[in-house]
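Structure first, commentary second.
Any read-out appearing in this document is the output of simple, stated calculations on the displayed coordinates, not a laboratory observation. Computed from a predicted model, the values in this text were never measured in an experiment. Glycine also receives a Cβ, built like all others from the backbone with ideal geometry; neighbour counts cover every protein chain displayed.
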Amino acid sequence: MCYNPKKLCLEKRSALMIIDMQNDFVNEQGAFAKSGVDVKRYQALEPTILSMIELARKEGIPIIFVQMEHNDENDGDGAWKERRIAKKHPNTCREGTWGVEFYNHIQPMKEDIVIKKHRYTAFINKELHQKLQSMKIETLIFAGINTNTCVESTVRDAHHLDYHVVVIEDATTAAFDDAYEPSLKNIRRHYGAVIGNETWQQYYAN
């Protein structure tokens, strides 16, 4: 069987997932930028992601906006919190703050689905799998950040739950130069397909 991303998109019911395009990660006034992360690479994704959202709306593809949101309760008192403190991880996306809001023009509409999460994988929120099942979604199209953490973690869980995966390589990036390509290679080898936005857009041109 040929694992054909065009067939995965066109012959199976798909949904577009936008991962963590939020102020604290992407905006130059956000927590990432203030900690020294080069957020221009994230901001550069906006036109590509907006073009994907436009096509999805035109084609009736459901759009799921995934939103990191931390609070004292979901931080917990275990390894997640301890490691972030030890590594001096920026204190990002606190519940109720400007930083948790979606970035610039990448905004959900009332018909879109917003899934909140408090770890790398969006599937930690059980509502995601339930909604996908209720909509009979078979293929997930991925865009957003970071390729090697939140995107790949969600991709892995999606595959484990029997969803097909298509990652749009020019609609994602990572904070570290040495993480982006290896992550895409790993996804391509083990979890799904990796294609460019132009290729994905062309699937719907005819």
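Figures for the structure shown
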read-out: Average Cα contact separation per residue, the stretch 5-203, under 8 Å, 6 or more apart, as relative contact order %; value: 27 percent
read-out: Share of pairwise Cα separations in the stretch 5-203, more than 32 Å, in percent; value: 10 percent
read-out: Set of aspartates and glutamates with alpha-carbon distance to residue 40 below 12 Å, sequence-local pairs under 8 removed; value: 28
read-out: Förster radius 25 Å - calculated FRET efficiency between residue 198 and residue 110 (Cβ-Cβ, nearest 0.05); value: 0.25
read-out: Leading residue at positive end of dipole, the stretch 5-203 (Cβ point charges), from 114, 175, 159; value: 159
read-out: Gain upon complete extension [residue 11, residue 97; 0.36 nm per residue less C-alpha separation]; value: 26.9 nm
read-out: Spin-label pair residue 162/residue 189, simplified geometry with 7 Å Cα→Cβ offset, distance in nm; value: 2.7 nm
read-out: Per residue convex hull volume, Cα atoms of the stretch 65-117, in Å³; value: 91 Å³
read-out: Descending principal axes extents, the stretch 91-187, alpha-carbon based, whole Å; value: 35, 33, 23
read-out: Cα-centred dipole magnitude for the stretch 5-203, charges only on beta-carbon of K, R (+1) and D, E (-1), debye, nearest 20; value: 420 debye
read-out: Cα-based Lys pair tally, the stretch 84-148, threshold under 18 Å, eight or more apart or on separate chains; value: 6
read-out: Computed [θ] at 222 nm, deg cm²/dmol, the chain (DSSP H ≥ 4; -39,500 (n - 2.57); rounded to nearest 500); value: -10500 deg cm²/dmol
read-out: Sum of side-chain charges, residue 136 neighbourhood, beta-carbon under 15 Å (Lys, Arg +1; Asp, Glu -1); value: 0
read-out: Added length on full extension, which subtracts the Cα-Cα distance from 0.36 nm per residue, residue 124 to residue 176; value: 16.3 nm
read-out: Spatially proximal aspartates and glutamates relative to residue 58 (Cα-Cα < 14 Å; intrachain offsets below 8 disregarded); value: 111, 112
read-out: Potential lengthening between residue 87 and residue 43 on full extension [0.36 nm per residue; Cα-Cα distance subtracted]; value: 13.4 nm
